[in-house]
1. Would you work out the relative contact order for the stretch 9-88, in percent, from Cα pairs under 8 angstrom that are 6 or more residues apart?
2. Just reorder Leu85, Leu68 by solvent-accessible area, largest first, 1.4 Å probe, all chains present.
3. What's log10 of I(q)/I(0) for the stretch 33-90 at q = 0.25, 0.29 Å⁻¹, Debye sum over Cα points only, no solvent?
4. Return the FRET efficiency for the residue pair Glu26, Leu87: r is the Cβ-Cβ distance, R0 is 30 Å, and the value is rounded to the nearest 0.05.
5. In debye, nearest 20, what is the charge dipole magnitude of the stretch 9-88 about its Cα centre with +1 on Lys and Arg Cβ and -1 on Asp and Glu Cβ, if you could check?
6. What accessible area per residue, rounded to a whole number of Å², is obtained for the chain using a probe radius of 1.4 Å?
7. Taking θ as phi - 60°, what are the ³J(HN,Hα) couplings along the stretch 71-88 by the Karplus curve (6.51, -1.76, 1.60), each to the nearest whole Hz, with x for Gly and Pro?
8. In the structure shown, do any of Lys25/Lys84; Lys7/Lys55; Lys15/Lys84 have a Cα-Cα gap over 25 Å, and if so which?
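The values are calculated or read from the model by the stated rules, or taken from the named source; none is laboratory data. Note that the coordinates shown come from a computational prediction; the quantities given were computed from them, not determined experimentally. Cβ coordinates were reconstructed from backbone atoms using ideal geometry, including for glycine residues, and neighbour counts include every protein chain displayed. Each accessible area value is taken on the protein alone, full model and side chains, heavy atoms only, with ligands, DNA and RNA left out. Shrake-Rupley method; radii C 1.70, N 1.55, O 1.52, S 1.80 Å.
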Amino acid sequence: SSASANKPVLTLFTKKPCPLCDEAKEVLEPYKRRFILQEVDITLPENSAWYDKYKYDIPVFHLNGKFLMKHQVDIQKFEDQLMKLELQND
């Protein structure tokens, strides 16, 4: 189905180990059918710009390329933004 083509992309800026990132992913688990999770390891050389930007803030989330939240999941904000994107796609 083409539905997956329209799914919002949630980007998680992370590194290993990141207990807060694991926690965040658990919180988002119930929603995982509604978005595509893309993880960016900020310690990789090609991601050094993100490392400089976010090394003290992970987990950091972008939704469809736009900054959404950091440190922890703001579920209300996440739901609102996700719903907005889903409505745009209908």
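1. Numbers: 98 pairs, mean separation 29.9, N = 80.
About 37 percent, as a whole number.
2. If we order Leu85, Leu68 from most to least accessible, we get Leu85, Leu68.
3. -1.08, -1.28
4. On the way: r = 27 Å, r/R0 = 0.89.
With R0 = 30 Å, the Cβ-Cβ based efficiency is 0.65.
5. Working: 12 positive and 13 negative charges, 27 e Å.
Result for the stretch 9-88 is approximately 140 debye, rounded to the nearest 20.
6. Numbers: 5970 Å² over 90 residues.
Per residue, the chain has an accessible area of 66 Å².
7. 6, 8, 7, 9, 5, 5, 4, 4, 4, 4, 5, 4, 5, 4, 5, 5, 5, 4
8. Values: Lys25/Lys84 21 Å; Lys7/Lys55 28 Å; Lys15/Lys84 29 Å.
Those over the limit are Lys7/Lys55; Lys15/Lys84.
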